[in-house]
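Worksheet for the structure shown next.
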Amino acid sequence: MAAELTIQTVVLKVAMSCEGCAGAVRRVLSKMEGIETFDIDLKEQKVTVKGNVKPEDVFQTVSKSGKKTSYWEGKATAPDASAPAAAEAAPNTAAEAPAAAAAAVPEITPAKADT
């Protein structure tokens, strides 16, 4: 059973020190299917990807650039629409998230609007 993906925004912190590093990230992202747009902020070492993608797939793809990659603190992902696929990507509840933060692969939860 193939789950429909929804448009998501994935924000990653990627260790990039020069345009060559940003170019390596740009190359791997340009080959990934489902991406609508992506932005690479070299100064902030921030990569923002928007598209019909799974956050963990974006993480794995960017990691292939050889650059140290992690989810942007406080902004793991933000689905643009309510998504049944998001439940599959993040089966743990929010109460379990602190324990998951210590895991090798960070837990992916939808971003909450702060007021």
HN-Hα J in Hz across region 48-62 - Karplus 6.51, -1.76, 1.60, θ = phi - 60°, x for Gly and Pro: 10, 10, 10, x, 8, 9, 8, x, 5, 5, 5, 4, 5, 5, 5
Amide H contacts under 5 Å for residue 71, placed H, 5+ residues apart: 13
R0 of 22 Å, Cβ-Cβ distance residue 6-residue 60: FRET efficiency to nearest 0.05: 0.70
Karplus-derived 3J(HN,Hα), 6.51/-1.76/1.60, for each residue of region 38-46, Hz, glycine and proline x: 8, 10, 10, 9, 5, 4, 8, 6, 10
Additional length obtainable on full extension of the chain from residue 41 to residue 18, 0.36 nm per residue less Cα span: 7.2 nm
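Would you mind counting up the charge near residue 64? Only other residues with Cβ under 10 Å from its Cβ, with Lys and Arg at +1 and Asp and Glu at -1. Could the numbers behind the result be given before it?
Details: positive: 27, 31, 67; negative: none.
Overall, the nearby charge balance is +3.
Write down the accessible area per residue of region 8-71 in Å², having rolled a 1.4 Å probe over the full set of protein chains.
Details: 3390 Å² over 64 residues.
Computed with neighbouring chains in place, this is 53 Å² per residue.
The values are calculated or read from the model by the stated rules, or taken from the named source; none is laboratory data. Note that this is a predicted model, so its numbers are computed, not measured. Note that each Cβ is placed from the backbone with ideal geometry, even for glycine, and that neighbours are counted across all protein chains shown. Protein only, heavy atoms only, side chains kept; ligands, DNA and RNA dropped before computing areas. Shrake-Rupley method; radii C 1.70, N 1.55, O 1.52, S 1.80 Å.
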